[in-house]
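The values are calculated or read from the model by the stated rules, or taken from the named source; none is laboratory data. Small disclaimer: the values here were computed from a predicted structure and weren't measured. Please note: Cβ atoms are built from the backbone with ideal geometry, for glycine as well, and neighbour counts cover all protein chains shown.
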Amino acid sequence: IDTWDLLKELKSIEDKLDGESNDKIKIERKVLAFSINNGDLYPKAQRVDVNGDVKVFPDLDKFTIDEIEYLKIRLVSTKNSVIKSRYAHILWSITKNNQYAKNKNIFSSVIVCNNNSRGFNNQRYDIY
């Protein structure tokens, strides 16, 4: 799946929503705007401002308490292993709670097994 295409699609949906639904789409877009490489999270967008400071999006340090709580709920409620792994990885990176480290590793293992046996594109993306 091309996350840039998915991010664009979610942006068009976000523009049509308001209130709580809009907030949830924004959080989902933040979650998808990370790359995972060799077990580490990296923001997909970064730039250097005129002062030489590196600005990144998304920034793990800027997740709010409400956003973190939403991710905890989504980690439990979603059935998709790819998305579960992403939620757990972000939650672990923010909280350093080993509960999430265990989950991200379990879900990542499931993803690898599914990828090897069925193909990555057979994963169903359960955004809501």
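Some observations on this one:
- Residue match in segment 5-26 (condition: in contact with a His (Cβ under 9 Å, 6 or more places away or on another chain), of a type in the set (Val, Ile, Thr) and at pLDDT below 90): no
- Listed by first and then second residue, the pairs with beta-carbon distance under 8 Å, at least 6 apart or on different chains, first residue in segment 50-64 and among the basic types (Lys, Arg), second surrounded by fewer than 11 Cβ atoms within 10 Å (Cβ to Cβ), are LYS55/ARG47; LYS55/VAL48; LYS55/ASP49.
- Restricting segment 67-115 to residues that are of a type in the set (Phe, Trp, Tyr) and in contact with a Lys or Arg (Cβ under 6 Å, 6 or more places away or on another chain), the residue that is modelled with the lowest pLDDT is PHE107.
- Flag if PHE34 is in contact with a Leu (Cβ under 6 Å, 6 or more places away or on another chain) and either surrounded by 10 or more Cβ atoms within 10 Å (Cβ to Cβ) or not aliphatic (A, V, I, L, M) (or both): yes
- Members of segment 46-59 that are of a type in the set (A, V, I, L, M) and exposed (fewer than 11 other Cβ atoms within 10 Å of the Cβ): VAL48, VAL50, VAL54
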